[in-house]
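*Asks:* Quick one: the structure is below, questions incoming.
The values are calculated or read from the model by the stated rules, or taken from the named source; none is laboratory data. For clarity, every value in this text was computed on a predicted model and none was experimentally measured. Note that we place each Cβ from the backbone using ideal geometry, even for glycine, and neighbour counts take in every protein chain shown.
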Amino acid sequence: MRFIHIADVHLGAVPDKNKAWSEKRKKEIVDTFEKLIYLVKEEEPDILFIAGDLFHRQPLLRELKEINYLFTRIPKTRVFIIAGNHDYIHRDSYYRNFEWNENVFFFKSEEIESIYLPELNTEIYGASYYDRENTKAIYDNIQIKDENHINILLAHGGDERHVPINAHMLMLSGFDYVALGHIHKPGSIGAPDSRIKYSGALEPLDINDLGEHGFIRGEITEKKFFTEFVPFAARKYIEIKAELNMDMTFAELRHRIKAEIERNGREHLYRILITGSHDEVMQVSVEDIEALGNIARLEDKSVPDYQYDKLIKENGDNLLSRYLKYFLEDGRELSDIEKKALDYGVRALLLGE
């Protein structure tokens with residue numbers, strides 16, 4: 001049995017709202033899903049698993065019809081879907097009564113149920129969300145019906161508010177493969193060769209979704225178990241760390257960040273983290289750095305290396321000198337909050353910020 005496992009497509013999501021690229025990213029999420037369907041049509045795996053959150057919110061009827069049309073393009077592949085915490089089945093959900101194409105199997109129950117495919121000797125277990133949160137550990141005590149089948153669990157969750165998962169119990173459950181969704185980073189529960197895997201989001205959705213995103217391709221027979229992660233996303237979020245020192249100028253900092261962006265690719269999205277200490281007169285220009293590319297987040301955690309004793313002597317009894325003495329005169333150790341207040345205040349008084 002050959003399969004492709006995806007999750008957390010989040011159709012309808014608008015990543016990085018109010019950024020110049022946000023609407024384009026919304027379309028890219030749809031485009032990547034359609035591209036995956038074309039790949040499925042070409043490769044003709046037996047099953048496509050969609051482990052929850054196909055949509056970012058409640059799907060409209062026209063959206064279900066559009067997706068269902070795509071599934072008609074892959075008639076030789078069976079599609080198994082569960083609803084996740086974002087596209088859960090609420091009281092008025094179109095999921096409840098929608099008529100899917102004959103190759104699509106949608107798990108409508110919030111209790112674990114299974115579907116057996118005799119021609120593949122494969123039984124697929126799954127359950128859908130009926131609310132934004134589900135704190136029941138519904139995967140802990142699943143009993144497979146026949147150990148001679150290829151048994152697959154289609155699941156969504158893994159934290160205390162979204163179906164907690166006991167890794168040990170799941171490993172002992174006897175499933176040949178557990179296709180997980182909810183966590184956007186691809187990976188395994190347990191050892192890297194574990195059969196319990198998150199495919200991760202098909203496309204990254206925010207700055208926390210660093211690294212590669214895509215899907216899992218696999219094959220299971222009586223004698224063979226194989227899976228591989230396939231990068232497939234149009235873009236990725238990349239973190240660039242820049243550490244300042246006393247000799248570095250802003251021009252050098254900007255040049256280093258620009259070089260990293262050009263090395264990784266200007267089409268990608270970046271989180272910039274600036275640390276270290278710098279000369280007291282140096283200023284980091286947020287606008288100049290954001291102009292370098294698709295900067296989703298810029299965090300400046302650098303601190304100026306002020307010579308406080310020198311500043312007190314040079315400023316006599318003016319406001320800056322009195323401000324410094326207020327914090328430093330008694331020689332005590334400052335708390336982190338006080339250190340920040342001191343740095344911000346000195347910067348404001350020196351630079352007029």
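*Asks:* May I ask you to verify whether residue 229 is of a type outside the set (Gly, Ala, Ser), surrounded by fewer than 22 Cβ atoms within 10 Å (Cβ to Cβ), modelled with pLDDT of 95 or more and not in a loop (DSSP other than H, G, I, E, B)?
*Replies:* Against the criterion (of a type outside the set (Gly, Ala, Ser), surrounded by fewer than 22 Cβ atoms within 10 Å (Cβ to Cβ), modelled with pLDDT of 95 or more and not in a loop (DSSP other than H, G, I, E, B)), residue 229 qualifies.
*Asks:* I would also like to ask the following. Would you check if residue 215 is touching a helix residue (DSSP H, G or I) at 6+ places or on another chain (Cβ under 8 Å), in the same structural domain as residue 120 (by TED's automatic domain parsing) and in a strand (DSSP E or B)?
*Replies:* yes
*Asks:* Residues that are within 15 Å of the chain's Cα centre (by Cα), part of a helix (DSSP H, G or I) and surrounded by 20 or more Cβ atoms within 10 Å (Cβ to Cβ): does the range 6-25 have at least one?
*Replies:* Yes, the range 6-25 contains at least one residue that is within 15 Å of the chain's Cα centre (by Cα), part of a helix (DSSP H, G or I) and surrounded by 20 or more Cβ atoms within 10 Å (Cβ to Cβ).
*Asks:* Going through 140, 131 one at a time, which residue ends up being surrounded by fewer than 14 Cβ atoms within 10 Å (Cβ to Cβ), in a loop (DSSP other than H, G, I, E, B), in contact (Cβ under 8 Å) with a residue 12 or more places away in the chain and not β-branched (Val, Ile, Thr)?
*Replies:* Going through 140, 131 in turn, the sole match is 131.
*Asks:* Exactly one of (1) modelled with pLDDT of 95 or more; (2) closer than 30 Å to residue 290 by Cβ; (3) of a type in the set (Lys, Arg) is unmet by residue 41. Its number?
*Replies:* (2)
Yes or no, residue by residue, for (1) assigned to a strand (DSSP E or B); (2) free of Cβ contacts under 8 Å to residues at least 40 places away in the same chain; (3) more than 27 Å from the chain's Cα centre (by Cα); (4) under 30 Å from residue 15 (Cβ atoms):
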{"site": "254", "(1), (2), (3), (4)": "no, yes, yes, yes"}
{"site": "272", "(1), (2), (3), (4)": "yes, yes, no, yes"}
{"site": "275", "(1), (2), (3), (4)": "yes, yes, no, yes"}
{"site": "296", "(1), (2), (3), (4)": "yes, no, no, yes"}
{"site": "310", "(1), (2), (3), (4)": "no, yes, yes, no"}
{"site": "346", "(1), (2), (3), (4)": "no, no, yes, no"}
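*Asks:* Determine which single condition residue 232 fails, assuming it passes every other condition in (1) more than 30 Å from residue 310 (Cα to Cα); (2) without any contact (Cβ under 8 Å) to a residue 24 or more places away in the chain.
*Replies:* Result: residue 232 passes all but (2).
*Asks:* Now a separate question. Taking the residues in the range 104-120 that are surrounded by 15 or more Cβ atoms within 10 Å (Cβ to Cβ) and in a loop (DSSP other than H, G, I, E, B) as candidates, determine which candidate is farthest from the chain's Cα centre (by Cα).
*Replies:* Once the filter is applied, the top-ranked residue is 120.
*Asks:* Something else: Tally time: how many residues in the range 224-282 are touching a helix residue (DSSP H, G or I) at 6+ places or on another chain (Cβ under 8 Å) and of a type in the set (Ser, Thr, Tyr)?
*Replies:* Of the residues in that region, 1 qualify.
*Asks:* Separate question: Residues being assigned to a strand (DSSP E or B) and crowded, with 19+ Cβ neighbours inside 10 Å: count how many of those fall in the range 181-212.
*Replies:* Residues in the range 181-212 being assigned to a strand (DSSP E or B) and crowded, with 19+ Cβ neighbours inside 10 Å: 5 in total.
*Asks:* Let me ask something else about it. Quick check on my filter: what residues within the range 292-350 are under 21 Å from residue 276 (Cβ atoms) and among the polar types (S, T, N, Q)?
*Replies:* 302, 307
*Asks:* May I pose another question? Can you tell me how many residues in the range 168-209 are aliphatic (A, V, I, L, M) and over 22 Å from residue 128 (Cβ atoms)?
*Replies:* Final tally of qualifying residues: 4.
*Asks:* Do you know which residues across the range 282-293 are touching a residue at least 24 places away in the same chain (Cβ under 8 Å) and of a type outside the set (S, T, N, Q)?
*Replies:* Across the range 282-293, the qualifying residues are 282, 284, 288, 289, 292, 293.
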